[in-house]
Each structure stands twice: as C-alpha cells, then as structure tokens.
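Comments concern the structure below.
The values are calculated or read from the model by the stated rules, or taken from the named source; none is laboratory data. Model, not experiment: these values are computed from the prediction. Don't worry about glycine lacking a Cβ; one is built from the backbone with ideal geometry, like all the others, and counts go over all protein chains shown.
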Amino acid sequence: MKLPGIIVIAVVVLVGLFGSVYQVREDQTALVLNLGKVVRYDVPPGLHFKIPLLETARVFDRRFKVLETQPERYLTSERKDVSIDFFAIGYISDVRAFYRATGGEERVAESRLEPIIANALRNQINARTLQQLVSGDRDEIVASQLKNINDGAKTLGVNIVDLRLKQIDLPTDSQVITDVYARMSAQRKQVASKLRAEGEEQARTIRAGADRDAQVIVADAERDAQRARGEGDAQATKIYADASKADPGFYAFYRSLEAYRGAFGDGGSVIVLDKSDPFLQYLKSDR
C-alpha cells in the first residue's frame with residue numbers, strides 16, 4: 001500500500017477514534033443522541049465511547065446555578081403595589097427531561113423557570129398585608145411554596161434547593177409611597193406632640209417645685225432675719241439700759257442728741273416750741 005493511502009487511513013482512524021470518545025467530569029452529566037434521539041442519559045463521570053457520526057454526546061454542568069431575575073410587581077391583600085427582587089438556586093436533576101424541555105439551553109430553562117417561581121410567590125404575597133410582608137418571616141413565604149415550585153420545575157428537569165427574597169420595594173410610580181410617607185409623617189407628628197406635652201408637664205412640675213422651694217427659702221430667711229433683729233433690739237435695749245444706769249445724765253444727753261439729729265437732720269425742718277420746753281434744754285446757752 002502506498003504511503004498517501006496509509007496516511008489517509010490513519011487520519012480516518014484517528015478522527016473516528018477521537019469522534020467516538022468523550023469525557024464526563026465529576027461535576028457533569030451527559031446524554032447521548034442517536035440521530036437526534038436520546039438513547040443514553042445520566043451518563044456517569046469518566047471516559048465513554050459513542051458511535052462516530054451517528055451518535056452525539058451532550059455534556060451538562062450539574063453544579064448549583066443561581067437564577068437572577070428582574071424585580072416583579074405584586075399586589076398585597078390591601079391591593080397595594082410592591083416590587084420584589086428574588087433569586088433561586090438549583091441544579092439539573094433530570095438531564096433527559098432538561099434536554100427535551102429546553103433543547104439543552106440554560107437560557108430557555110431560566111426563561112421558563114422564572115414565571116413558575118413568580119406565580120408561586122404571587123399566591124403568598126397576595127394573601128399578606130404590606131406590614132406582614134415587610135416585617136414578617138420571609139423564609140416562611142419561601143418554604144411554603146418551594147414544593148409547588150419544584151413540581152413545576154420538575155417538567156424542566158431542574159430542582160430548586162433554595163429561594164431568597166433579596167429586596168422588597170415600593171414602586172416609584174405607586175400611590176403606596178405617598179401613603180406610607182403620609183402615615184410616617186402623621187406618626188412622627190403624634191410622637192412629637194406626645195413628647196412636647198410630656199415636656200410641658202415636666203416643665204410645669206419643675207417650675208412649681210422651684211416656686212415652692214423659693215417661698216420656703218424666703219420664709220426661712222425672713223424668720224431668721226426677724227430673729228436676728230429681735231436679738232439685736234434686745235441687745236441694744238440692754239446696752240441702753242446699762243448705759244442709763246451707769247451715767248443717767250450722759251445717757252439723757254446722748255438720747256437728746258439722737259432726737260435733735262432726727263428732728264433737724266435734713267436742715268429744713270421747722271419746729272415751733274416754747275423756749276422753756278425740755279426738748280430744748282441742751283440748746284440753751286448758760287451765759
């Protein structure tokens with residue numbers, strides 16, 4: 001046999017050999033198509049063979065995948081709009097069903113899976129008020145619908161292991177935002193009025209206490225002042241009495257001078273008295 005013929009045969013053999021071998025990793029699964037018909041599926045990891053030209057192997061990733069979605073609008077039990085953003089985590093559980101439903105395209109699977117999840121969540125959200133939805137347990141919403149979601153996802157050969165609500169927002173074009181802001185404003189005003197009333201009541205209590213304390217302090221001071229004045233007057237009286245006993249003439253002269261100072265101290269007083277009046281005895285000249 002000539003060399004070119006041998007080369008052609010070798011090339012054909014190599015092409016046939018490589019065309020008949022395919023590999024499946026530990027994190028993958030595969031199915032084999034014979035002229036477009038599934039003949040083998042759930043092929044385990046390892047090195048496998050297929051008939052060249054007649055059979056085609058399709059390998060799929062069985063690792064967990066995250067399905068990101070656009071925010072969906074829902075209505076609460078009060079007929080209020082909310083926008084909810086969620087994501088799902090799942091994997092290919094039945095490669096044959098996955099291929100038949102989607103042709104092996106992940107984008108097709110995501111586009112069909114998204115409305116299944118959205119409709120399942122809608123039932124739970126429609127049964128709750130906005131307050132329950134925001135402040136309630138989101139895991140409870142997911143857990144109650146995960147089985148229903150997987151019943152629908154089973155037709156796609158997919159199994160959802162987890163579903164999370166990322167964010168709950170009020171649509172910007174919704175009247176709900178205006179209502180919420182109005183309610184929040186009313187609540188804040190109510191709290192402010194309550195705090196203001198409590199502050200005024202405390203201020204009145206403090207002022208009343210301060211006035212009472214001031215009256216007590218003034219009364220105590222007046223009492224102490226009267227006691228001090230009484231004691232001073234008593235001491236003065238005693239001193240005057242002692243001075244009168246020690247020298248009655250000098251005491252009479254001193255008291256007369258005090259009387260003159262009181263009568264003529266301003267320099268403009270006029271007193272009409274008889275010249276023999278005792279009041280003037282110290283103003284008379286002995287000459």
Worksheet item: Looking only at region 97-132, which residues are of a type outside the set (S, T, N, Q) and exposed (fewer than 14 other Cβ atoms within 10 Å of the Cβ)?
Response: 103, 105, 107, 115, 127
Fill in: Hits in region 75-92 - residues which are small (Gly, Ala, Ser) and crowded, with 19+ Cβ neighbours inside 10 Å
88, 90
Discussion item. Just the residues that are within 18 Å of residue 79 (Cβ to Cβ) and of a type in the set (Val, Ile, Thr), please, taken from region 104-152.
Written reply: 125, 129, 134
Response to the item:
Turns out the strands (runs of 3 or more DSSP E) fully within region 27-145 with at least 1 residues that are more than 44 Å from the chain's Cα centre (by Cα), without any contact (Cβ under 8 Å) to a residue 60 or more places away in the chain and not assigned by TED's automatic domain parsing to the domain that holds residue 159 are 28-34, 37-43, 46-49, 55-61
